[in-house]
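Below is one structure; the comments refer to it alone.
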Amino acid sequence: MREQYLFDLKKNIWSSTNVVIFIAFLILMLGTFFTALGTKDASMNDMMRAYSEAGDNIQVTVKALNEKKHLTKDEQALLAQKQKQQEYISNISMDYSGLLSPIPMNTVKETDQAILDYAKYNLREAKKGNKNLVLISYKGKEVDNTLLGRKKDVAFYTYLVQHNTMEIPANKVDAPAATYLPYQFLYHLSPLIILAVFLVQLGQLFTSEKRDGTISFMNNLPTGKLRILVARMLTFLTITIPLFLGACLTTYIITGIKFGWGSWQYPLVYSADGKTPSIMTVGHYFAMLCALFLIIVLFLMVLSALVGLISGNFGVNIVVCAVPLVLATKQVLTAGIIAHFTKFLPSSYFDASKVILHETDWSILGIGGGVLVILLWTAVLFGLCVLILRRRERL
């Protein structure tokens, strides 16, 4: 099989398709980088403006309550709450102003601490059942109104204070490389699109012999047909996985040179049990993302090989292999009878970011269980390939 593998590798490694695949990966990953060129980042100003506007709105409520001659007990409690909120938000606004002034008057840690103090206040009030919380929303940050959302805020800003790190919102156009790359998959680039690019390479590899009319030559080779198929799979992994990782590395270098390198220790907050917040660094997240992609690509590779044994049509191969990607969408996984079986479907784990951060809207077995499900389906498909080749002894 080694000779067949080297033969396949030599034949396919210089294919123009590889260049197209690499460029496709690179363009997708650098999508927001191109739009950022020549654009001034306004994320910090957006955050400061959000706090300032919240403070102004609170001031209106406080003024209206103070103008009343007689306040009810509930109104007195509301006034006290609004004054306390105004105090916290005023401190945050002043720290932001000092941090962004031409001559900084505050440090990043002081600003983070002011936001953390407010997050702790909101958590205390949420536990008391207070419904009059003022939660700050700005571009790049969605508001979570649940108690878990308050716990996540405290965990997130506690980490920032401890590591003296400034918040990097999702819409920051000049995010440093170590956060830019993970943010692409978190907020800007669907994993399904990346997997679709893999399908193009798979379709090309597993239908080329039949399309080119050289399948008879392959079938006449004095070696087992299963070995030829496995060699083709190894060729795909040898070529395409480095193309993907190379595009990631190139993206990291380009954005790092332009926007700085950043830190792989920047935090992401998630909850595995829906009750307790946990911290995952962007470095850990991205490593898990690449590993999960590899497992998913193994499944798609064997599926493509199976379809290639049945049909040599490139279009048929792409369409059939695209079916799991369609099944991986939220609309399908949460609809009808499929919703009862999602945890056992490999497609349920294709949206890698949501699976890793436990944010799926459908039932799953967790990332460990998901890997097992995908590998079991891969083994079944490979078994079908073996069965077909043993029955007809030709590709």
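The values are calculated or read from the model by the stated rules, or taken from the named source; none is laboratory data. All values derive from a computational prediction rather than experimental measurement. Virtual Cβ from ideal backbone geometry, glycine too; neighbours counted across all protein chains shown. These accessible areas exclude ligands, DNA and RNA; they are computed on the full protein's heavy atoms, side chains included. Shrake-Rupley method; radii C 1.70, N 1.55, O 1.52, S 1.80 Å.
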Could you list, in sequence order, all residues of region 350-395 that are open to solvent by less than 40 Å² (accessible area, probe 1.4 Å), modelled with pLDDT under 95 and among the hydroxyl-bearing types (Ser, Thr, Tyr)? 353, 360
Which numbered condition in (1) at positive phi; (2) at pLDDT below 90 is the only one that residue 164 fails? (2)
Please indicate, with yes or no, whether at least one residue in region 30-38 is on the phi > 0 side of the Ramachandran plot, open to solvent by 30 Å² or more (accessible area, probe 1.4 Å) and not hydroxyl-bearing (Ser, Thr, Tyr). yes
Flag if residue 223 is of a type in the set (S, T, N, Q), modelled with pLDDT under 95, outside any loop (DSSP other than H, G, I, E, B) and open to solvent by less than 60 Å² (accessible area, probe 1.4 Å): no
If you take just the helices (runs of 4 or more DSSP H) that sit entirely in region 286-361, which of them hold at least 1 residues that are in contact with a Ser or Thr (Cβ under 7 Å, 6 or more places away or on another chain) and touching a residue at least 60 places away in the same chain (Cβ under 8 Å)? 314-327
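In region 92-119, which residue that is of a type in the set (Asp, Glu) and at pLDDT 85 or above is surrounded by the most Cβ atoms within 10 Å (Cβ to Cβ)? If you could, list the steps in order and put the result at the bottom.
First, pick out the residues of region 92-119 that are of a type in the set (Asp, Glu): 95, 110, 112, 117.
After this cut, where a residue has to be at pLDDT 85 or above as well, the list is 110, 112, 117.
Numbers: 110: 14, 112: 25, 117: 16.
Applying the filter and picking the extreme gives 112.
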I'd like the full set of residues that are open to solvent by less than 20 Å² (accessible area, probe 1.4 Å) and either assigned to a helix (DSSP H, G or I) or assigned by the TED database to the domain that holds residue 127 (or both), limited to region 257-282. 282
Members of region 49-80 that are more than 19 Å from residue 92 (Cα to Cα), surrounded by fewer than 14 Cβ atoms within 10 Å (Cβ to Cβ) and of a type outside the set (Gly, Ala, Ser): 63, 66, 67, 68, 69, 70, 71, 72, 73, 74, 75, 76
For region 124-174, the count of residues that are part of a helix (DSSP H, G or I) and in contact with a Gly (Cβ under 8 Å, 6 or more places away or on another chain) equals 1
Polar (S, T, N, Q), in the same structural domain as residue 390 (by the TED database) and crowded, with 17+ Cβ neighbours inside 10 Å: is that true of residue 250 in this structure? no
